[in-house]
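Colleague: Can you keep this structure in mind? I'll have questions shortly.
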Amino acid sequence: MAIEYTKQVIKHFSNPRNVGEIKNPDGKSMEGNPACGDMVSLTIKVDGKTKKISDIKFKSYGCASNIATASVLTEFAKGKKIDDAKEITWKQVMDKLGGLPKIKIHCSVLAVDTLKSAITDYERKNGLLKEDPDVLSEKNIKLRLKSVVNPATGADLISSNMVSSYFQKDGKIVVNLKICKDHEYAENIEEEIEEHVSTLNGFKSAKVKYSCK
Ligand code: FES
């Protein structure tokens, strides 16, 4: 079945804004989605005094929504202070596009996560990192799980109460889900969980357990 996109998605896909790569960027990041294989990279320039994003460019190696979400995100983030840009959510980006098909919502998550990583890169290089989002802690595991969307509902695992518990011991992460192993998107969700937690420092393995009760 053909995927139906909004006019805004088609507009940004056909004529994407801020495409390219900044030379000598202040922050950069490349993130990918393991389930679909799509990737996006972002480079940013940050004004050292105002801490505003003065320039931002992206390159996409992915689908129409990947391109459209990265395009609209760069427009939204440009000129914002980095602290404000870090608060941008994938729901805001999706709303700016008039919505996305549920199966494509992870494209907006990918774009927003890539921006956050580019800002983290800038903060790390400049000694501005207050809390390291890559530290292996339960708080950061929860944040990563908030970036995993169930394509069946279009909601993230934490907001939709799909996670019964999670913990880590010596870099081995266990996530207990309240869905059956034969859930139509179980494999997809499992891959996304592993991808999201695997970049935490000291990560060794991720195990997803299912419960139908
Ligand atoms: Fe995966 Fe668009 S980023 S389908």
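Colleague: In Å, what is the Rg of the alpha-carbon atoms in region 143-198, and how long is Dmax?
Modeller: Answer for region 143-198, Rg first and Dmax second: 10.7, 33 Å.
Colleague: Add +1 for every Lys or Arg and -1 for every Asp or Glu among the other residues with Cβ under 13 Å from the Cβ of Leu128, and state the total.
Modeller: Value of the local net charge: 0.
Colleague: When you count, for each residue, the other Cβ atoms within 10 Å and take the mean per peptide, how do 188-200, 150-162 rank with the highest first?
Modeller: Output ranking for 188-200, 150-162: 188-200, 150-162.
Colleague: Do any cysteines in the chain lack another Cys Cβ under 4.7 Å, and if so which?
Modeller: Cys36, Cys63, Cys107
Colleague: Compute and list, largest first, the equivalent-ellipsoid semi-axes of the chain from the alpha carbon gyration tensor, each √(5λ) rounded to a whole angstrom.
Modeller: Equivalent ellipsoid of the chain: 28, 23, 13 Å, largest first.
Colleague: Next up: For the chain, what is the mean residue ellipticity at 222 nm derived from helices alone (per DSSP H run of n ≥ 4: -39500 (n - 2.57); sum divided by total residues; nearest 500 deg cm²/dmol)?
Modeller: -10500 deg cm²/dmol
Colleague: By DSSP, what percent of the beta bridges with both residues in the chain are antiparallel, rounded to the nearest 5?
Modeller: Around 75 percent antiparallel, to the nearest 5.
Colleague: Considering the options Phe58, Val46, Thr120, tell which one lies farthest towards the positive end of the dipole of region 1-131, charges being +1 on Lys and Arg and -1 on Asp and Glu at the Cβ, about the Cα centre.
Modeller: Farthest along the dipole direction, towards plus: Val46.
Colleague: Show log10 I(q)/I(0) for region 96-172 at q = 0.11, 0.13, 0.15, 0.23 Å⁻¹, two decimals, from a solvent-free Debye sum over equal Cα scatterers.
Modeller: Values returned for q = 0.11, 0.13, 0.15, 0.23 Å⁻¹ are -0.37, -0.51, -0.66, -1.11.
Colleague: In whole angstrom, note down how far apart the Cα centers of region 142-213 and region 1-56 are.
Modeller: Each part's Cα centre sits 26 Å from the other's.
Colleague: Where does the charge balance sit around Lys45 when Lys and Arg score +1, Asp and Glu -1, over other residues with C-beta under 15 Å from its C-beta?
Modeller: Summing Lys and Arg as +1 and Asp and Glu as -1 gives +4.
Colleague: Step through the table entries Lys51/Lys78; Lys59/Lys130; Lys86/Lys139, compare each Cα-Cα distance with 19 Å, and write down the pairs that go over it.
Modeller: In this structure, Lys59/Lys130 exceed 19 Å between Cα atoms.
Colleague: Among bridges DSSP assigns within region 1-122, what percent are antiparallel (round to 5)?
Modeller: Bridges in region 1-122 that DSSP calls antiparallel: roughly 95 percent.
Colleague: Charges at C-beta only: +1 for Lys and Arg, -1 for Asp and Glu. How large is the resulting dipole of region 24-140 about its Cα centre, in Debye rounded to 20?
Modeller: 320
No value in this document is a laboratory result; all are computed from the given coordinates. All values derive from a computational prediction rather than experimental measurement. Counting neighbours? That spans all protein chains shown, and the Cβs are built from the backbone with ideal geometry, glycine included.
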